[in-house]
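The values are calculated or read from the model by the stated rules, or taken from the named source; none is laboratory data. Just so you know, these numbers come straight off a predicted model, no measurement behind them. Positions of Cβ are generated from backbone atoms using ideal geometry, with glycine treated the same way; all protein chains shown enter the neighbour counts.
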Amino acid sequence: MKILVADDDAISRRIMEKMLERSGYEVITAEDGRDAVEKLSGPDSPRLALVDWMMPGLDGPSVCRAIRSRHDGRYIYITLLTSKQASEDIVLGLEAGADDYLIKPCNPEELKARLRTGVRILDLEDKLVEAREDMRYRATHDALTALLNRGTIVTDLERELARSRRENGMLSILICDIDHFKRVNDLYGHAVGDEVLRQAASLLLNSVRSYDLVGRYGGEEFLILLIGCNAALAQRRAEEIRTAVQKFTFGAIDSPLFITMSIGTLTSNDWQKDMTASDLVNQADKALYRAKAEGRNCVRNAQPLEQKAKQEVDAGRHDQSQREQTLPDTSASTHTRLHV
C-alpha cells in the first residue's frame, strides 16, 4: 500500500522511508507541505500519510485542512508527527483534520500498529462507499434491463428540459414500444420475454450517443432523451432505431426471434414553453399510439395543433391545385362558339 512521508528533514525522512519499506509499504516522499498536498491530490495518490507538523510552505495542520477541503470522495488517513506534547496542540492537530497524532521520536512498533489501524479504517471506508454506490445504483436503475428506471428518467427529463429552455436549446423525446410483446410472453414464457427486454434495452443504449439518456418507462416501453437534437435528426434517429430492432435477431430461444417497435417522437421547441415534462411525454405517447393505430413498426411525430392545421391547409391547397391541373381546358371551344 502507498504511504506518503512528508518531512523537511532529509535524514528523518530517509529513516522513516527505509523502516516503512521493510514493512511492505510503497513510500512516496515530500520535502514540504505544498509538495505533500500536491502528491496527495493525484488520481493514484497514497491513502496513508505521515505528515510532520513543522514544515516550510505549509505546516502539518495546514496540509490536513487543504486535504479535507477537497470533495473528490477519496479519504486519506493522516497521522501527524511532532515533538509538541501539549494537549491544546493535540486538539489543534485533530481539529485540523488529522486522524492520529504521534509524538517524535516515535516507537517503530507503535507507528506500525497505528498504521495498521489506519488501513482497517480505509478498508471500512471503501466498503461503505461501495455499499452506498450500490444502493444509489439500485435506486436509479431498472433491475431487469439495467437502464435508468422510470423515476430517474423522468427526473432527468425535467432537468434537461429546463436546461434546454434556459439555454435556448432543444430536446427530443422518443417513446418506444415493442409491438405485440404480450404474444412473446404468451408463446414463449416470461423468461424469454425478460431476455427480449434486456436485449432490446442494450440495442437502444447502443443506438444513441454517450450523452443521450435511455430509461425503461414501463413494461415494454422505453423513453429516450436526445440532448440538443432537432426534429429532423430525431426522426432520422428514431427510424434508425426502428430499423435496427426490426433487423435484430433476438437470441432468446433456439430458433431466431424477430420483433418490431413503434416509436412516437417529439421535439421540445416545437411546443409552448409553459408545457411541463409530463405534458410533452403525453403528447409523445399520443404519437406512439398513432403509430400503433396506423399499423405498428413505424415512427410518428407529435405536432402542435397549429402546426397540424397549417399542414392540413397546405395539403388542401396542394389537392386543389392538383384538381385544377387535371380539369379539361375548354377555352378553345368556348372561343370557337363565340365566333360561330
Return yes when L128 is surrounded by 15 or more Cβ atoms within 10 Å (Cβ to Cβ), farther than 25 Å from A302 by Cβ, over 18 Å from the mean Cα position of the chain (by Cα) and not assigned by TED's automatic domain parsing to the domain that holds L266 and no when it is not. no
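Yes/no matrix, rows are residues, columns are (1) on the phi > 0 side of the Ramachandran plot; (2) part of a helix (DSSP H, G or I); (3) touching a Lys or Arg at 6+ places or on another chain (Cβ under 7 Å); (4) acidic (D, E):
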{"residue": "E38", "(1), (2), (3), (4)": "no, yes, no, yes"}
{"residue": "G42", "(1), (2), (3), (4)": "no, no, no, no"}
{"residue": "L58", "(1), (2), (3), (4)": "no, no, yes, no"}
{"residue": "G73", "(1), (2), (3), (4)": "yes, no, no, no"}
{"residue": "T79", "(1), (2), (3), (4)": "no, no, yes, no"}
Within the stretch 137-153, the residues that are outside any loop (DSSP other than H, G, I, E, B), farther than 13 Å from I224 by Cβ and in contact (Cβ under 8 Å) with a residue 60 or more places away in the chain are R150, T152
Of everything in the stretch 77-119 that's under 23 Å from R22 (Cβ atoms) and of a type in the set (V, I, T), which residue is surrounded by the most Cβ atoms within 10 Å (Cβ to Cβ)? I78
Identify all residues within the stretch 20-69 that are closer than 22 Å to E125 by Cα and of a type in the set (D, E, K, R); write none if there are none. E26, K39, D44, R47, R65, R68
All-but-one check, A162 against (1) touching a residue at least 12 places away in the same chain (Cβ under 8 Å); (2) part of a helix (DSSP H, G or I); (3) not assigned by TED's automatic domain parsing to the domain that holds D52, failing number (1)
Can you name the residue in the stretch 45-56 that is outside any loop (DSSP other than H, G, I, E, B) and of a type outside the set (V, I, T) and is also nearest to I103 (Cα to Cα) among such residues? D52
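Would you point out which residue out of T82, T117 is within 26 Å of E133 (Cβ to Cβ), in the same structural domain as E130 (by TED's automatic domain parsing) and without any contact (Cβ under 8 Å) to a residue 40 or more places away in the chain?
Only one candidate passes the filter, namely T117.
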Could you tell me whether V37 is over 28 Å from E133 (Cβ atoms) and among the hydrophobic types (A, V, I, L, M, F, W, C)? no
